[in-house]
1. Can you put Ser15, Ser162 in order of Cβ neighbours within 10 angstrom, beginning with the fewest?
2. Picking from Lys36, Lys121, Lys19, which is most flexible by a Gaussian network model of the chain using Cα springs under 10 Å?
3. Can you give me the distance in nm between label points at Glu161 and Lys5, each placed 7 Å from the Cα along the Cα-to-Cβ direction?
4. Based on Cβ point charges of +1 for Lys and Arg and -1 for Asp and Glu, what charge dipole magnitude is obtained for the chain about its Cα centre, in debye rounded to the nearest 20?
5. Within region 92-118, name every residue whose backbone N is under 14 Å away from a label modeled 7 Å from Cα of Leu128 along the Cβ vector.
6. Starting from the Cα of Lys36, move 7 Å in the Cα-to-Cβ direction to define the label point; list residues of region 77-106 whose amide nitrogen is under 15 Å from there.
7. Grab the DSSP H runs of the chain that are 4 residues or longer, score each as -39,500 (n - 2.57), total them, divide by all residues and round the 222 nm result to the nearest 500 deg cm²/dmol.
8. In this model, which of Lys57/Lys125; Lys31/Lys160; Lys31/Lys114 are farther than 26 Å apart at the alpha-carbon?
Amino acid sequence: MLLQKGITVWFTGLSGAGKTTISKLVETELKKSKLKVEALDGDIVRQHLTADLGFSKEDRQKNIERVVFVAKLLTRNDIIVLASFITPYQQMRDYCRREIGSLVEVYVKCPLEKCIQRDVKGLYKKALNGEIRGFTGISDSFEEPINPEIIVETDQETAKESAAKVLAYLKQHRYIGH
Ligand code: ADX
């Protein structure tokens with residue numbers, strides 16, 4: 001029988017760095033093994049659970065607090081939670097770790113210039129034009145994560161390779177296995 005222990009995999013990184021892409025690959029692999037997984041993604045969560053919030057420091061904090069509340073419940077019920085949020089400030093990431101306890105932080109690292117080049121959602125263009133204020137990396141800060149368990153460099157490796165690193169970690173630390 002396949003076993004799983006609850007953990008939240010917290011993907012942090014700039015918009016467009018690849019958090020969602022990697023998370024989806026990890027999700028697909030885990031589901032192939034019939035494991036119970038729940039994905040919480042910034043772009044989706046912000047349309048529902050935190051639709052009332054914007055991107056000020058206070059609102060970002062509230063966004064993360066609500067997500068952490070949910071992630072904590074799922075994690076303690078042995079679900080594997082894949083949380084993808086920019087989580088730009090170290091103090092927020094410390095909060096996630098403290099609250100959830102069973103957490104692995106994945107820094108989805110990609111140079112800002114590369115994210116601007118990719119501009120998947122066209123938001124960097126708007127931010128650079130001044131159409132969006134307080135945009136992470138442009139007009140709001142992204143503090144480099146201090147103690148992530150995993151760093152994936154999405155300008156240097158494929159999404160599949162990044163996902164494999166996450167899966168290997170979960171196996172090595174016996175969050176998943178036989
Ligand atoms: S967080 O800062 O609170 O962790 P979250 O991950 O939920 O952010 O949402 C980020 C997503 O919201 C981005 O990928 C982007 O699509 C969108 N977005 C809209 N405005 C902003 C902004 N000012 N800064 C960053 N992301 C923004």
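1. Numbers: Ser15 24, Ser162 27.
Neighbour counts put them in this order, fewest first: Ser15, Ser162.
2. Looking only at Lys36, Lys121, Lys19, the largest GNM fluctuation is found for Lys121.
3. It is 3.0 nm.
4. Details: 28 positive and 24 negative charges, 113 e Å.
Using only the charged Cβ atoms, the result is roughly 540 debye.
5. Residues 112-118 qualify, since their backbone N sits under 14 Å from the label point.
6. 77-82
7. Details: 7 runs with 77 residues, N = 178.
My calculation for the chain gives -13000 deg cm²/dmol from helical runs alone.
8. On the way: Lys57/Lys125 22 Å; Lys31/Lys160 16 Å; Lys31/Lys114 31 Å.
In this structure, Lys31/Lys114 lie more than 26 Å apart at Cα.
Throughout, read-outs are computed from the coordinates displayed, never taken from laboratory work. Computed from a prediction, not measured in an experiment: that's the story for all the values here. Glycine gets a Cβ as well: all are built from the backbone with ideal geometry, and neighbour counts include every protein chain shown.
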